[in-house]
Every structure is written in structure tokens, then in C-alpha cells.
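*Asks:* Got a structure for you, questions after.
The values are calculated or read from the model by the stated rules, or taken from the named source; none is laboratory data. As the structure is a computational prediction, the values presented were derived from the model and not from experiment. Positions of Cβ are generated from backbone atoms using ideal geometry, with glycine treated the same way; all protein chains shown enter the neighbour counts.
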Amino acid sequence: MAKKHYHVIAEFVDKETENTIPAGSLFEADEERLVLLRAAEVIGKEATKAEVEAAQKAGEGDADDGKTG
């Protein structure tokens with residue numbers, strides 16, 4: 001299952017890593033996690049490739065540091 005990056009709209013604790021994921025960051029999730037996270041109203045729209053690259057370049061980390069959904 002391919003993973004994609006999504007905008008975090010409400011802070012939450014990732015059940016798999018126990019890391020707090022802040023609102024405004026990007027979070028990588030597969031389709032199964034996407035359904036759960038959307039139902040919990042913590043992630044919004046899919047991030048564009050440019051947004052993911054900008055987050056990585058800015059050192060945000062959440063876009064590609066192993067915090068997967």
C-alpha cells in the first residue's frame with residue numbers, strides 16, 4: 001500500500017510511535033490509517049509534492065523522518 005503525506009489539522013499522538021504530531025505539520029499515512037485519522041478529524045487534504053519537498057527542505061522532519069501512519 002502506497003503512503004502519502006497529509007496536512008495535520010489537529011495535534012494528536014501517533015499510536016504507532018507515541019510521538020505527538022503537531023497541527024500544521026505533514027504526516028505520512030497509508031490508506032488504512034488515512035481512514036482512521038480522517039474519522040478522528042486530525043488530518044486534512046493530501047500534501048502536494050512541492051509542499052512535501054518544502055517541509056523536508058525546511059527541516060520540518062515530519063514529512064520524511066520515519067513517522068509513518
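*Asks:* Just need a number here: residues in the range 23-39 that are under 19 Å from E53 (Cα atoms) and out of contact with any Lys or Arg (no Cβ under 8 Å at 6 or more places or on another chain).
*Replies:* 4
*Asks:* Scan the range 1-44 for residues that are among the hydrophobic types (A, V, I, L, M, F, W, C), loosely packed, with under 13 Cβ neighbours inside 10 Å and either in a strand (DSSP E or B) or in contact with a Gly (Cβ under 8 Å, 6 or more places away or on another chain) (or both) and jot them down.
*Replies:* V13
*Asks:* Within the bounds of the range 56-63, is there any residue that is under 10 Å from the mean Cα position of the chain (by Cα), surrounded by 15 or more Cβ atoms within 10 Å (Cβ to Cβ) and modelled with pLDDT under 95?
*Replies:* There is at least one residue in the range 56-63 that is under 10 Å from the mean Cα position of the chain (by Cα), surrounded by 15 or more Cβ atoms within 10 Å (Cβ to Cβ) and modelled with pLDDT under 95.
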